[in-house]
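The values are calculated or read from the model by the stated rules, or taken from the named source; none is laboratory data. If you're wondering where the values come from, they're calculated on a predicted model, not measured in any experiment. Here Cβ is always computed from backbone atoms with ideal geometry, including for glycine, and neighbour counts include all displayed protein chains. Ligands, DNA and RNA are excluded from the accessible area calculation, which covers all protein heavy atoms including side chains. Shrake-Rupley method; radii C 1.70, N 1.55, O 1.52, S 1.80 Å.
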Amino acid sequence: MKYQEAYRESLENPESFWGRAAEELVWDRKWDKVLEFSNPPFYKWFKGGMLNTCFNAVDYHVQQGRGDQVAVIYDSPVTNTIQKITYSQLQDRVARIAGFLQKLGVAKGHTVLIYMPMIPEALMSMLACARLGAIHSVVFGGFASRELAIRIDDAKPKVILSASCGIEVQRVIPYKPLLDEAIDIADHKPETCVILQRPQAKAELKQTRDLEWADLEGKAEPVGCVSVEATDPLYILYTSGTTGKPKGVVRDNGGHAVALKWSMKHIYGIEPGDVYWAASDVGWVVGHSYIVYGPLLMGATTIVYEGKPVGTPDPGAFWRLISQHGVKALFTAPTAIRAIKREDPKGEYLRKYDISSFDTLFLAGERLDPDTYYWASELLQVPVIDHWWQTETGWAIAGNFRGLELFPTKAGSATKPMPGYNVKILDGGTAEELGPNQNGVIVVKLPLPPCNLPTLWQDDRRFVESYMSPFPGYYLTGDGGYIDEDGYVFVMGRIDDVINVAGHRLSTGGMEEVLATHPNVAECAVVGAADSLKGQVPVGFVVLKAGVSRPHDEIVGELVQMVRKEIGPIAAFKQAAVVNRLPKTRSGKVLRGTMRKIADGESYKVPSTIDDPAILEEIGSAVLTIGYGKKAN
Ligand code: COA
Ligand code: AMP
């Protein structure tokens, strides 16, 4: 089947298209209905079906006689370790971890929070929860205590699984103090924290609440897989919305497994036994879908990389891994390629390695800018595929296909809509559908395909308000862009207050909430400014309270530290300017869109609703003083 036929069938007859895809999995009970859409905007995939995601990702391959195949390669330049774990070994360890979780009282439907660095136990923890039918919620290690506390209060985990430390390029980051502080801040208190001690920094354990991972796993009995409903939640993954309260995206078991297995073959061109590497982190959706579940559901070998594209030890790190482990497809963010390009513009490090196994480079997390696309294509001489997706969707909305059909690339475009996604461009004001090449709001006509969020964790209302009610009958992606005359999708950026910093999704609203708590700050706004390495970086504008005469540098330094402490280093909030006023409409709305254009050095129209146009000039010079306002290249 080629793309056109697959796409048409997926929209006209989703039941037959996804029903066939679902046959690739092992079900304990077959579904009654492929798609239930009688209560829009809610949709349910594979209702009545029962399965276990961990069984399909691990035990099934052992049963099929592939127990000796390597399932996970842990490659950690920061600890000088390479470890290979077969499917049989993975099954044994996951079953034991599930065993100790069960002893701690974790059962189907309970939540478990995972706060871990990029080590194999992070994957094993996720799979162990899936094995028990428990719901995991992984929190990225770069988030600080307050962010962790918000997630603890929302997910209310019975148990937290963590490690004593993470390792960044130059430093060891003790996780336990961050975890302790988060639990102190949170109203909800987990019954138990299980801590994996790493030799780089041992953690002090609190009596009665904290237990040593090694003790528990050493004594644990392996347990089997618990059958769950296809519609039962597999995990909650928090993602940035427009406020400081993140959205708890829920993923179901059935639709998730079906779409991911389909995607491995048709998008990524991966078969059982192939080596597939997503250089991301298990804390992000890319990590969930394509470090853990996708490759393992397919019976491929996945890589857990504890390192960076540069500095661990050099910009040849990615090429070393591809060569050493025979990687067929690499998936990373454009920012990682830009980091390599910056340190090794001529690609000299590549010459040291034989990368003949390498077949395709996949990029996502932010728009693939044409310069990076051309540089990577010329250097690597393999297809470079941009694909567009979100935490909410769990897999690509638009992209190109290594398995199904490879389309010629148009630089700057994420190529074609994926099967199941009826992508449309609407006028944001009138909600009318726009024609080719007209810029508007990108939406997807309901129902969304399998794997997409069925709701937000215990918050149907926010789910409907955020995504479904702005344009009834459609899912609002939050991105803007256009579709050209050949049906190629161009995603140009967010239309809300979400920004993408080095492929990490962050809320400017969340940062504003932090800045507003500074005692000297009267008003503030944070916008994303174009950055040649990270794509975007947050830039703050603050108005001080009357009578504050402290040096501005001092205040800005405090603001930077506050965001680092409250949200985490990952926010990369390093710049703020003190201004006399913020540009506003006559009704008092801050003109963030115009400020963003000024910060990007783009031309802008003075909005007709502005109360005082002169303020824009002040913003322009403040932006230049802190090093932005000239177009990033
Ligand atoms: N735990 C604790 N701190 C972390 C962390 C973690 N898991 N991950 C990052 N940080 C810290 C970094 O040490 C850095 O701290 P600093 O301000 O003290 O230097 C800060 O958070 C920002 O990190 P990062 O965004 O990684 O920037 P960087 O300058 O260290 O590296 C890149 C830049 C481009 C190399 C890096 O961002 C990268 O590899 N990006 C790929 C992104 C990616 O894979 N995204 C997933 C979507 S596909
Ligand atoms: P996240 O939920 O962290 O995966 O971030 C999703 C957001 O990242 C999307 O809404 C887009 O704004 C952006 N994004 C991800 N992939 C792409 C891409 N290929 N092209 C353009 N934007 C992208």
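Before moving on, here are some points about what is shown:
- Cα gyration tensor shape for segment 502-625, rounded if a/c is under 1.5, else prolate or oblate: oblate
- Distant-in-sequence amide H partners of residue 111 (H built 1.01 Å from N, under 5 Å): 135, 158
- FRET efficiency for the residue 548 to residue 462 pair, using the beta carbon distance and R₀ = 30 Å, is estimated at 0.25.
- Remark on residue 303: its backbone amide H falls under 5 Å from those of 73, 276, 278, a criterion applied only to residues 5 or more positions apart or on other chains, H modelled at 1.01 Å from N.
- For residue 584, the residues 5 or more places off, or on other chains, whose built amide H falls under 5 Å of its own are 591, 611, 612.
- Projected label points at residue 42 and residue 104, each 7 Å from Cα along the beta carbon direction, are separated by 3.1 nanometres.
- Segment residue 585..residue 12, full-extension length gain: 201.7 nm, with 0.36 nm per residue of separation and the alpha-carbon distance subtracted.
- Restriction of the trypsin sites (Lys or Arg not before Pro) in segment 568-626 to DSSP coil positions whose beta-carbon has at most 14 other beta-carbons within 10 angstrom yields 586, 589, 605.
- Two-site label geometry, residue 532 and residue 324: point separation in nm, points 7 Å out along Cα→Cβ: 3.1 nm
- The residues of segment 278-324 expose, per residue, 16 Å² of accessible area to a 1.4 Å probe.
- Only protein atoms count toward the accessible area here, which uses a 1.4 Å probe; on segment 135-251, the carbon and sulfur part of that area reaches 51 percent.
- Projecting the Cα positions of 608, 520, 562 onto the charge dipole of segment 482-633 (unit charges on Cβ atoms of Lys, Arg, Asp and Glu, taken about the Cα centre) puts 520 furthest along the positive direction.
- Whole-Hz ³J(HN,Hα) from phi, Karplus 6.51 cos²θ - 1.76 cosθ + 1.60, for segment 442-447, glycine and proline x: 8, 10, 10, 5, 6, x
- Contour minus Cα-Cα distance for residue 371 and residue 29 (0.36 nm per residue): 118.2 nm
- Using heavy atoms of the protein chains and a probe of 1.4 Å, the accessible area assigned to residue 66 is about 60 Å².
- Cα-based reach from residue 630 at 12 Å (exclusive), listing aspartates and glutamates while leaving out same-chain residues under 8 positions away: 531, 600, 602
- What segment 98-246 shows is 35 Å² of accessible area per residue, with the surface traced by a 1.4 Å probe over protein heavy atoms.
- Note on residue 33: accessible area is roughly 90 Å² with a 1.4 Å probe, heavy atoms of protein only.
- Derived scalar couplings between HN and Hα for segment 15-31 equal 5, 6, 4, 7, x, 5, 4, 5, 5, 6, 10, 9, 10, 7, 8, 6, 5 Hz in order, rounded to whole Hz, by the Karplus curve 6.51 cos²θ - 1.76 cosθ + 1.60 (θ = phi - 60°), x for Gly and Pro.
- Counting 0.36 nm for each residue step from residue 191 to residue 608 and taking away their Cα separation leaves a gain of 144.5 nm.
- Rolling a 1.4 Å probe across all protein chains gives residue 457 an accessible area of roughly 40 Å².
- The residues of segment 502-625 present an accessible area of 44 Å² per residue when probed at 1.4 Å with all protein chains retained.
- Prolate/oblate/rounded label for the chain (Cα gyration tensor, a/c 1.5): rounded
- Karplus 3J(HN,Hα) series, Hz, for segment 302-310 with 6.51 cos²θ - 1.76 cosθ + 1.60 (x for Gly, Pro): 10, 10, 9, 9, 9, x, 10, x, 10
- Rounded percent of accessible protein surface that carbon and sulfur make up, segment 502-625, 1.4 Å probe: 51 percent
- Spatially proximal lysines relative to residue 416 (Cα-Cα < 24 Å; intrachain offsets below 8 disregarded): 2, 261, 265, 328, 424, 445
- Distance in nm between pseudo-label sites at residue 202 and residue 80 (7 Å out along the Cβ direction from Cα): 2.1 nm
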